[in-house]
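**Student:** Structure provided below as structure tokens; questions to follow.
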Amino acid sequence: MQNMQRIHFTSDDLARTRVVPTLGRTVETLFALELLANGAGGTLFQQWRKAVHSRLGKRVQSLAPADQQVRPFPELLLLGKQTAKIDALLQDGNFASERSALAVRDFYRVALAPYWKRMHQHLETEREIRGRIVLSGGIERLLATLHPRMKWEPPYLLVPSERSEDVVLGGRGLVLAPSLFLSGCPRTIANPGGDFGTPALVYPAPPDRSQTDALWNVAAAEDRSLGALVGRTRAAMLEALTDSRASIELSRLLEISSAAVSQHTSILRNAGLIRSQRNVNTVFHTLTPLGVALLRGYQQERRLAAS
């Protein structure tokens, strides 16, 4: 029988459970290091893995001992919640040795820093999608659909784990955070301590195949985006969607009819530039990472034309 972590929820815990876009650079760096060392992720990370090996060269051999020394992850996941400054995090005394800290910091600069803005947008989009689930079905619906290997059996959330144990939230709630690089089962940090205090659960949120170019190849994504962008209305719509908006908001902001909004959002959605999700009778639209890359290229082109 598979070992399970059993997370205990009270009504206060459900009320205080929230979703954040990420636990930070250090968390993603550690999971990326693990993914690379284990050869996980499949074709979705093939382009990223090839680029990392090319940049690191022979230095990639130093990652194997670093990957072992920065375990176990639960203690180090705490590190990512103290500050957003990656250098300070990776030099913290919680690391097994200064040498491993430098190796991990080097890995971050090569493997994650070039992609961080697009990664963060991907995770923000994931957070918004989960937020729509909460709006339409409540927090219990979110817990029941968060990951196929997790089970919501009120008042417990069952999470596959290396060992069976009980995690009592005690009214503190739970922080849910997606991770681009985490593979396999979600990871729980039961007792983070410090100022953060609230237990956290990190769950996998890998890209789909339509998003890999936008994540791993900026130039290719922007070339494709600029070629696909036609017309001022859709450009203005993309700019308006830097924040998630409902169709009726787009109609008011752009001063176009509801039918026109539906037509333009359909084109943008089919091009993989936005995601749309219905909540009761309202449809909300959000930029995808590819849409963000397209918008960035369009804005840059417009600035150059004006100069």
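The values are calculated or read from the model by the stated rules, or taken from the named source; none is laboratory data. It should be emphasised that the depicted structure is a prediction, and the values quoted were computed from it without experimental measurement. For neighbour counting, all protein chains shown are included, and Cβ atoms are generated from backbone atoms with ideal geometry for every residue, glycine included.
**Student:** If only one of His285, His264 is touching a helix residue (DSSP H, G or I) at 6+ places or on another chain (Cβ under 6 Å), assigned to a helix (DSSP H, G or I) and at pLDDT 85 or above, which one is it?
**Tutor:** His264
**Student:** Continuing with this model, one more query. Being assigned to a loop (DSSP other than H, G, I, E, B) and within 22 Å of the chain's Cα centre (by Cα) is the filter here; which residues of segment 237-261 pass it?
**Tutor:** Taking segment 237-261 first, the residues assigned to a loop (DSSP other than H, G, I, E, B) are 241-244, 255-257.
Across segment 237-261, the qualifying residues are Leu241, Thr242, Asp243, Ser244.
**Student:** Of the residues Ala101, Ala111, which single one is surrounded by 21 or more Cβ atoms within 10 Å (Cβ to Cβ) and either under 30 Å from Phe284 (Cα atoms) or at pLDDT 85 or above (or both)?
**Tutor:** Details: Ala101 fails: either under 30 Å from Phe284 (Cα atoms) or at pLDDT 85 or above (or both).
Matching residue, one of Ala101, Ala111: Ala111.
**Student:** Let me ask something else. Starting from segment 128-143, take each residue that is free of Cβ contacts under 8 Å to residues at least 40 places away in the same chain and crowded, with 17+ Cβ neighbours inside 10 Å and list its partners that are in a helix (DSSP H, G or I) and not charged (D, E, K, R), counting only C-beta distances under 8 angstrom and pairs at least six apart or across chains.
**Tutor:** Ile133/Leu142; Ile133/Thr145
**Student:** Continuing with this model, one more query. Which count do you get for residues in segment 1-57 that are in a strand (DSSP E or B) and buried (at least 22 other Cβ atoms within 10 Å of the Cβ)?
**Tutor:** 2
**Student:** Would you confirm whether or not segment 254-262 contains a residue that is hydrophobic (A, V, I, L, M, F, W, C) and within 29 Å of Pro206 (Cα to Cα)? If you could, list the steps in order and put the result at the bottom.
**Tutor:** Narrowing segment 254-262 to residues hydrophobic (A, V, I, L, M, F, W, C): 254, 256, 259-261.
Then drop every residue that is not within 29 Å of Pro206 (Cα to Cα), which leaves none.
Checked against the condition, which is being hydrophobic (A, V, I, L, M, F, W, C) and within 29 Å of Pro206 (Cα to Cα), segment 254-262 yields no hits at all.
**Student:** Is it fair to say Arg296 is among the charged types (D, E, K, R), in a helix (DSSP H, G or I) and at pLDDT 85 or above? So that I can check it myself, show each step before the final result.
**Tutor:** Working: among the charged types (D, E, K, R): yes; in a helix (DSSP H, G or I): yes; at pLDDT 85 or above: no.
For Arg296, the condition - among the charged types (D, E, K, R), in a helix (DSSP H, G or I) and at pLDDT 85 or above - is not met.
**Student:** Right, next: Hey, among Leu89, Leu63, Leu142, which residue is at pLDDT below 60 and assigned to a helix (DSSP H, G or I)?
**Tutor:** The conditions single out Leu89.
**Student:** Listed residues Pro178, Pro186, Pro206; which is farther than 21 Å from Tyr156 by Cα, surrounded by 15 or more Cβ atoms within 10 Å (Cβ to Cβ), modelled with pLDDT of 90 or more and not acidic (Asp, Glu)?
**Tutor:** Values: Pro178 fails: farther than 21 Å from Tyr156 by Cα; Pro186 fails: farther than 21 Å from Tyr156 by Cα.
Just a single option satisfies the conditions, and that option is Pro206.
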